[in-house]
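Taking it in order: structure first as structure tokens, then the write-up.
The values are calculated or read from the model by the stated rules, or taken from the named source; none is laboratory data. Predicted model only: the values in this text are computed from it and were never measured. Here Cβ is always computed from backbone atoms with ideal geometry, including for glycine, and neighbour counts include all displayed protein chains. The accessibility values were calculated without ligands, DNA or RNA, using every heavy atom of the protein model including side chains. Shrake-Rupley method; radii C 1.70, N 1.55, O 1.52, S 1.80 Å.
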Amino acid sequence: MGLFNFFKSDKKIKAVEINEQNFNQEIAESSQPILLDFYATWCQPCQVMHSLVNRMVKENQDLMQTLKVAKVDIDANPKISRMFGIQSVPTLLFIYDKKVLDKHNGLIPYQNLVGKCKDFAEDFIEE
């Protein structure tokens, strides 16, 4: 490792895996706008959505300064899924201040996902 690499931060922002233990801290008490991705491990479209969300997070680190991205496995966290009335996956919820402001069921093209997230997060950027 070179001297200059020593000072460079390698910390990348990534999606947070939500469960019943960390839900309050990560979602309910968050002051950030949140993209919450509900998925199932057996769901093929969920795997596609998962890769799109991961790509968005990786390629848009500036957006991730404003928008928190989190994911919920519906089989491992049935209480959270029921609380939000999730009936199909993948489902994306756009949450701010403990309120679901928008919802998207099914796959969404990558550019649309990024645009929708940028538009959503823009409403909450402090001037």
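Check Ala70 against each of (1) without any contact (Cβ under 8 Å) to a residue 40 or more places away in the chain; (2) under 20 Å from Ser30 (Cα atoms); (3) in a strand (DSSP E or B) and name the one condition it does not meet. Of (1) without any contact (Cβ under 8 Å) to a residue 40 or more places away in the chain; (2) under 20 Å from Ser30 (Cα atoms); (3) in a strand (DSSP E or B), only one is false for Ala70: (1).
With Asp73, Asp62 as the choices, which residue is charged (D, E, K, R) and open to solvent by 50 Å² or more (accessible area, probe 1.4 Å)? So that I can check it myself, show each step before the final result.
Working: Asp73 fails: open to solvent by 50 Å² or more (accessible area, probe 1.4 Å).
Among Asp73, Asp62, only Asp62 is charged (D, E, K, R) and open to solvent by 50 Å² or more (accessible area, probe 1.4 Å).
Contact map, the range 99-118: residues that are among the polar types (S, T, N, Q) and modelled with pLDDT of 95 or more paired with residues that are surrounded by 13 or more Cβ atoms within 10 Å (Cβ to Cβ) and in a strand (DSSP E or B), Cβ distance under 7 Å, separation 6+ or inter-chain. Pairs shown: Asn105/Thr91. Residues of the range 20-48 being hydrophobic (A, V, I, L, M, F, W, C) and under 11 Å from the mean Cα position of the chain (by Cα), which ones? Within the range 20-48, Ile27, Ile34, Leu35, Leu36, Phe38 meet the criteria.
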